Structures are given as structure tokens and as C-alpha cells.
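Here is the structure we will look at, set down as C-alpha cells.
The values are calculated or read from the model by the stated rules, or taken from the named source; none is laboratory data. Everything numeric in this text was worked out from a predicted model, so none of it was measured. Using ideal geometry, Cβ is built from the backbone for each residue, glycine included, and neighbour counts are taken over all protein chains shown. The area values use the complete protein model at the heavy-atom level, side chains included, leaving out ligands, DNA and RNA. Shrake-Rupley method; radii C 1.70, N 1.55, O 1.52, S 1.80 Å.
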Amino acid sequence: MALFRLPYSFPSTLPSFFPKILLPVPSFSISCSSKSTPNQLKNNDDNSNTDNPKKPKRLSEQSSWEAKDSEGRDYLYRLGKEADNMNIAVGARAGVIDDLFTGNFLGKDSDIVFDYRQKATRSFEYLQGDYYIAPVFLDKVACHIVKNYLAHLLNVKIPLILGVWGGKGQGKTFQTELIFQAMGIEPVIMSAGELESDRAGEPGKLIRERYRTASQVVQNQGKMSCLMINDIDAGLGRFGNTQMTVNNQIVVGTLMNLSDNPTRVSIGQDWRESDITNRVPIIVTGNDFSTIYAPLIRDGRMEKFYWQPTKEDIVNIVHRMYEKDDISKDEVVTIVETFPNQALDFYGALRSRTYDRSISKWIEDIGGIENLGNKLLGRKKNEELPVYTPPQD
């Protein structure tokens, strides 16, 4: 530190208009110190705030988005780490796609809620009308669903999977959907075509994701839900010359693991003790379960239900099917007795064939098959197609 003294200098003689008395002139000093750095200024500010520290502002006192695990990672970090979808519609992921194309400013998924906006559940608004539900079918499906939702209260081993099997075209899927509509269930439905993929492990992961989606319907929407897989034997069945693939094995193992641990479902993320999935029942349909891996269909994991409608069930179902055509129940009985030992889809196809004569006549009236394209697709907005009435004979 340097100290300088700067004296005042005045002239020895002053003009006449100044007073003769001179007051003493005080002296002052200027002190120069070393240059202060920004870190020292920051430390001074930190020291000044020691007595009154400020807590970081949270989004909400009840929010878990900022809650961190033992490694200091928050929910958004874990969510981005768990996703492995490389689709550009989901978002660019650093470390998976080259940063030259993703940009370092993104870092995580740019749209982390893309998957959650996709509606994977099925509603049945299209089922309009008064359809018939077989009492035996209703009792079996409803009992299985209720038992799985009350599994934590029952001191018994309850199979997670209900396998509905029987002949082709007997209405297994349609009867199940009618029960879902009557019970207010919003299921997640899969088909056998989704049980195979060109990527190993993808179908097994898809089943776990769909199962967790059904669980989230229960938790977030307060609605009953379940996972339904149609025609499972077409995707997993072992026939004469079919080849067993890795995905077939993974799907079988996934369903077996879900049956044994229905509340612990992993989709690839790190295991967390708080990650508990609600138990939801699984319903599968098929024609021949003897082609499926035997440990999967054992009694502890799958409850089997063979569906063969009786003559009374067939008459009631076909009568509701023909109700719009003004056909009485006695006439339906005559139709069923005329064509015995037929599946339900036969009577649906028979009803469809009754309109063939009217449609053929309409094709002739418009000038032949050459004009069908313009008539069906090129018509004007105010031009309506003909309305067909059911034949009376």
C-alpha cells in the first residue's frame, strides 16, 4: 500500500477582494491496493449471505420431479436413461445418435411424453346395439378379472392368465369385448402379429410395456384394465414345420415371469424398490393351446376355459344378429336346425350373403362394373349411395 500527501499551494499575495485571514487547509490521502478478483468478490458475497442462506426454490412441496436418488440423479435424468427409442419423433438422444446431428444442447429426449400421449387402450363405442352375452362365458371372464383385483386379499395362488380356447369362429374375442364394455373395462389389446419382430427382444419388451400401460390405466384413470392377446397360439404355437425363434422364447419367458411376479415388471431400467406395478389380469385367446410351451399353460400360471357355445347360446346370439332384419326367433331356430354344427361366423356370413342379389342388381343399374370406380369414389358430396333393405323372402 502506498500513501501520498498532496499539499495545496496558494500564491503569496492575494487580490484585494479576498479576506486577509487564511484558514488552514486540511490534507487528504489516497490509498492504492492490489486488484480485486471476481472470485474474491463472490467469496465476499457468500460470506455476507452466511447468516441468511436461501434454499433453492422447488416446483412444489409434493413434487417428485426434483427428488434425487442416492447418486444425485433426478427423475428426468432417469426417465431419459430408461428410454431407448431412437425414433426422431420421440427425440434425439445424446450418446445414441451422433452429436453432430442431435446437437449438444438437447442432451436428453426432446419430447419425453411422446409415448404417454399415444392411446394404447381400446374403447368399444362402436359396439352399438343389444348383443347377447353367454352366461357361462360372462361368469368365467368376470370371475377371473375380479379374483386378480382381489389377489392381495385372498390367501390362495391365483393364475394371472386366462386362456380362452375353442373352435374357430366361435366368438371368443367378440364375447370378451362385450364383457369389457358391460364391466367398463378399458383393456390393452395385442395380436399375434406383434409377437415377432426383426429385432431380438422387441416383442417381449412390448408385452411388458403394454402390461405397465394397463397398470397405469388403473392408477391414473381409476378404471379397470387388463391385457388381452388374441390368437396367441398363432404366434407362439409349435407346428410341424415352423421354426422356433429367439423372440418366441423371450415372449414365453416374459409371460411366465409376469405370471410369477405380476407387480415387478422391468422394461430395461434399473431396478428401484419404489417401482411397484399394479396387478392386472391377462386374457389370451386361441384355437389349440397344446401347441404352446407346456410350463406356460400349467395351472398355476394359466387358467384354461374351453368355449363351445350350446344350441341355446347360438340361437340367442344369431337372433340378436338378425334382429335388424325383422327375423323372429322361431325363424332363427329354423336356420340353426337347417345348418347344424356350424360356427357362429357361418351365420354372420350367411346374413351377409342375403344382400348379394340386391348389390348385383345395383351394379347392373349403374351401367356395369366399369362405372364402379366413379360411382363409389368419384361421386359428388351431395350424391348418396343407395340404401339396401333386407330381403323379405
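Residue-level analysis places residue 299 among those that are in the same structural domain as residue 258 (by the TED database) and exposed (fewer than 11 other Cβ atoms within 10 Å of the Cβ).
Looking across the stretch 258-289, the residues that are modelled with pLDDT of 90 or more and hydroxyl-bearing (Ser, Thr, Tyr) come down to 259, 285.
Among the conditions (1) modelled with pLDDT under 90; (2) within 29 Å of the chain's Cα centre (by Cα); (3) aliphatic (A, V, I, L, M), the only one that residue 297 does not satisfy is (1). Filtering the stretch 153-190 to residues that are open to solvent by 50 Å² or more (accessible area, probe 1.4 Å), without any contact (Cβ under 8 Å) to a residue 60 or more places away in the chain and either of a type in the set (Val, Ile, Thr) or more than 20 Å from residue 299 (Cβ to Cβ) (or both) leaves 153, 156, 174, 181, 182, 183.
Screening residue 385 with (1) of a type in the set (A, V, I, L, M); (2) over 30 Å from residue 168 (Cα atoms); (3) modelled with pLDDT of 80 or more gives one miss only, at (3).
Does the stretch 201-223 contain any residue that is of a type outside the set (A, V, I, L, M) and on the phi > 0 side of the Ramachandran plot? There is at least one residue in the stretch 201-223 that is of a type outside the set (A, V, I, L, M) and on the phi > 0 side of the Ramachandran plot.
Among the residues of the stretch 198-238, the ones that are within 14 Å of residue 286 (Cα to Cα) and open to solvent by 30 Å² or more (accessible area, probe 1.4 Å) come to 3 in all. One residue alone among 335, 327 is open to solvent by less than 80 Å² (accessible area, probe 1.4 Å) and not in a helix (DSSP H, G or I), and that residue is 327. Is there a residue being open to solvent by 50 Å² or more (accessible area, probe 1.4 Å), of a type in the set (Lys, Arg) and within 41 Å of the chain's Cα centre (by Cα) anywhere in the stretch 356-366? Within the stretch 356-366 (the criterion being open to solvent by 50 Å² or more (accessible area, probe 1.4 Å), of a type in the set (Lys, Arg) and within 41 Å of the chain's Cα centre (by Cα)), the answer is no, since none of the residues qualifies.
Listed here are the residues, each with its yes/no results for (1) farther than 15 Å from residue 231 by Cβ; (2) modelled with pLDDT under 90; (3) assigned by the TED database to the domain that holds residue 280.
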{"residue": "160", "(1), (2), (3)": "yes, no, yes"}
{"residue": "165", "(1), (2), (3)": "no, no, yes"}
{"residue": "173", "(1), (2), (3)": "no, no, yes"}
{"residue": "176", "(1), (2), (3)": "no, no, yes"}
{"residue": "179", "(1), (2), (3)": "yes, no, yes"}
{"residue": "183", "(1), (2), (3)": "yes, no, yes"}
{"residue": "186", "(1), (2), (3)": "yes, no, yes"}
{"residue": "190", "(1), (2), (3)": "no, no, yes"}
{"residue": "197", "(1), (2), (3)": "yes, yes, yes"}
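Residue 288 satisfies every condition listed in (1) of a type in the set (Asp, Glu); (2) touching a Gly at 6+ places or on another chain (Cβ under 9 Å); (3) free of Cβ contacts under 8 Å to residues at least 12 places away in the same chain except (3). Can you go through 324, 304, 329, 361 and tell me which one is of a type outside the set (A, V, I, L, M), out of contact with any Asp or Glu (no Cβ under 9 Å at 6 or more places or on another chain) and under 30 Å from residue 282 (Cβ atoms)? 304 is the lone residue from the list that is of a type outside the set (A, V, I, L, M), out of contact with any Asp or Glu (no Cβ under 9 Å at 6 or more places or on another chain) and under 30 Å from residue 282 (Cβ atoms).
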